[in-house]
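Let me begin by presenting the structure, written as structure tokens, before commenting on it.
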Amino acid sequence: MMLLAPYRVLDLTSELGFLTGKILGDLGADVIKVEPIAGEPSRRRPPFLKNGNGSSQSLFWLANNANKRGLTLDLHHPRGRDLFLRLAKTADFIIESFRPGTLAELGLPYEVLSNEHPSLILVSITPYGQEGPYRDLAGSDLEIMALSGAMSLAGEKDGEPMRVTVPQAPMWVGAEAAMGALTALAFRGLTGQGQHVDVSAQVAVMAALAHAPAFWDLNRVNPERAGIFVTGRSVREAKMRVMWSCQDGWINFIIYGGPAGRRTNQQLAAWMDEKGMAPEWLKNIDWTSFAVTSITQEEVDRLEAPIAEFFATLTKREFLAGAIERQILGYPVATVADIYDDEQLQARQFWQEVSEPDSGSTLKHPGGFAVIDGETFAD
């Protein structure tokens, strides 16, 4: 049995919260997508799958709402609200991404829902949270990524702040909201009480900035974007390359010091030597005592020059095979095509053939992220 098979989720979310319901569904929950009578606006988002009857469906909507059943209700109508309240009594979770206060305007505030069903968990997903001066502001991915600070760290040092082409804020907040829902479920297991979980997309993206906020807390220094380089690892302000060009794309690799880099550096130098591309001075470095905390830019540049020449001779597949064999910390930068053909995902049977009754065709969907006792949940 899948982890969440006994539980029911009512999903009232828009694009900002689609992933939360999908994660819970991938873990086996019975997720019911509740849409307005006219359907979700995102059903009209391209690209489209053409149906045999001449109509079309949004592939974006289908991908984000797999593993969900569906129904339509007019929550502005008394009959629709009554039906929803009846359905809510059978649910363990309600997830929603309305503007703060919308459920209260509909006559469905948490207090009413909790009074009818004290163990119910309500998860509210909004750009900036239920309280504070930004609570009523709308927020696109661009705005959330900007206000979270993520864009200040992406891009070239002297260029404009950048964002990832595919929206990222819904992915971060969707995962954080699922975590919040499951944390509330654990609390309910101890107390029998439900909770209202307030999830801010701005804060969720901030959580993805790793240690960057600590630079200001500890040193009153704002980290700066550095393009394909990483900063903050040397007290001498040396920058180190993160992305390296190879024959058919890019490789992610950083020169580490200390225990984390010892084997990687030793193995990389040995690999380069096998190919006749390791300078004598590189082979003579004592990697057991090598550190980057006080390295200078001149020293970094000297190290990186022969490594760049070596990586330029490899394909991504050759690098990955060599890195696995030698236990080197480094990864090829996968494209969408690479992901589709990835042998690891194929071994996990990640891609699932799903029949689309409206179109009469079969689509290959990403499957569940977790394999539990050899079982994944896909529908």
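The values are calculated or read from the model by the stated rules, or taken from the named source; none is laboratory data. The model shown is predicted, which means the values in this text are computed figures rather than measured ones. Note that we place each Cβ from the backbone using ideal geometry, even for glycine, and neighbour counts take in every protein chain shown. Surface accessibility is based on the protein's heavy atoms, side chains included, excluding ligands, DNA and RNA. Shrake-Rupley method; radii C 1.70, N 1.55, O 1.52, S 1.80 Å.
Only one entry of 139, 149, 107, 192 meets the criterion of being at positive phi and within 21 Å of the chain's Cα centre (by Cα), and that entry is 149. Taking segment 230-275 as the range and being among the β-branched types (Val, Ile, Thr) and touching a helix residue (DSSP H, G or I) at 6+ places or on another chain (Cβ under 8 Å) as the test, the residues that pass are 251, 255. Scanning segment 274-286 turns up at least one residue that is modelled with pLDDT of 95 or more, β-branched (Val, Ile, Thr) and not in a strand (DSSP E or B).
The residue list 191, 165 contains one member that is modelled with pLDDT under 95, polar (S, T, N, Q) and surrounded by fewer than 15 Cβ atoms within 10 Å (Cβ to Cβ), which is 165.
Checking the structure you have, find out if any residue of segment 6-24 is open to solvent by less than 20 Å² (accessible area, probe 1.4 Å), free of Cβ contacts under 8 Å to residues at least 40 places away in the same chain and not in a loop (DSSP other than H, G, I, E, B). Taking every residue of segment 6-24 in turn, none turns out to be open to solvent by less than 20 Å² (accessible area, probe 1.4 Å), free of Cβ contacts under 8 Å to residues at least 40 places away in the same chain and not in a loop (DSSP other than H, G, I, E, B).
Scanning segment 70-88 turns up no residue that is out of contact with any Asp or Glu (no Cβ under 8 Å at 6 or more places or on another chain), closer than 23 Å to residue 173 by Cβ, open to solvent by 30 Å² or more (accessible area, probe 1.4 Å) and not hydroxyl-bearing (Ser, Thr, Tyr). If only residues of segment 216-229 that are of a type in the set (A, V, I, L, M, F, W, C) and closer than 20 Å to residue 296 by Cα are counted, the one that is surrounded by the most Cβ atoms within 10 Å (Cβ to Cβ) is 226. In summary, residue 326 fulfils each of the numbered conditions (1) under 25 Å from the mean Cα position of the chain (by Cα); (2) surrounded by 12 or more Cβ atoms within 10 Å (Cβ to Cβ) with the single exception of condition (1). Taken over segment 344-358, the criterion of being open to solvent by 60 Å² or more (accessible area, probe 1.4 Å) and either among the aliphatic types (A, V, I, L, M) or over 21 Å from the mean Cα position of the chain (by Cα) (or both) is satisfied by 347, 353, 355, 357, 358. Reported count of residues in segment 37-64, each being open to solvent by 60 Å² or more (accessible area, probe 1.4 Å), under 28 Å from residue 369 (Cα atoms) and assigned to a loop (DSSP other than H, G, I, E, B), is 3. Remark: pairs (first residue in segment 281-302, surrounded by 13 or more Cβ atoms within 10 Å (Cβ to Cβ); second residue outside any loop (DSSP other than H, G, I, E, B) and charged (D, E, K, R); Cβ separation under 6 Å; 6+ apart in sequence or on different chains) = 287/262. For residue 232, the stated conditions hold: it is out of contact with any strand residue (DSSP E or B) (no Cβ under 7 Å at 6 or more places or on another chain), closer than 24 Å to residue 155 by Cβ and crowded, with 16+ Cβ neighbours inside 10 Å. A search for C-beta distances below 9 Å between a residue of segment 105-121 that is without any contact (Cβ under 8 Å) to a residue 40 or more places away in the chain and under 15 Å from residue 75 (Cα atoms) and any residue that is open to solvent by less than 40 Å² (accessible area, probe 1.4 Å) and aromatic (Phe, Trp, Tyr), counting only pairs 6+ apart in sequence or on different chains, returns 106/84; 108/84. Within segment 238-281, the set of residues being of a type in the set (Asp, Glu) and within 30 Å of residue 156 (Cβ to Cβ) comprises just one member, 248. Could you check, for segment 202-209, whether at least one of its residues is β-branched (Val, Ile, Thr) and in a helix (DSSP H, G or I)? Scanning segment 202-209 turns up at least one residue that is β-branched (Val, Ile, Thr) and in a helix (DSSP H, G or I).
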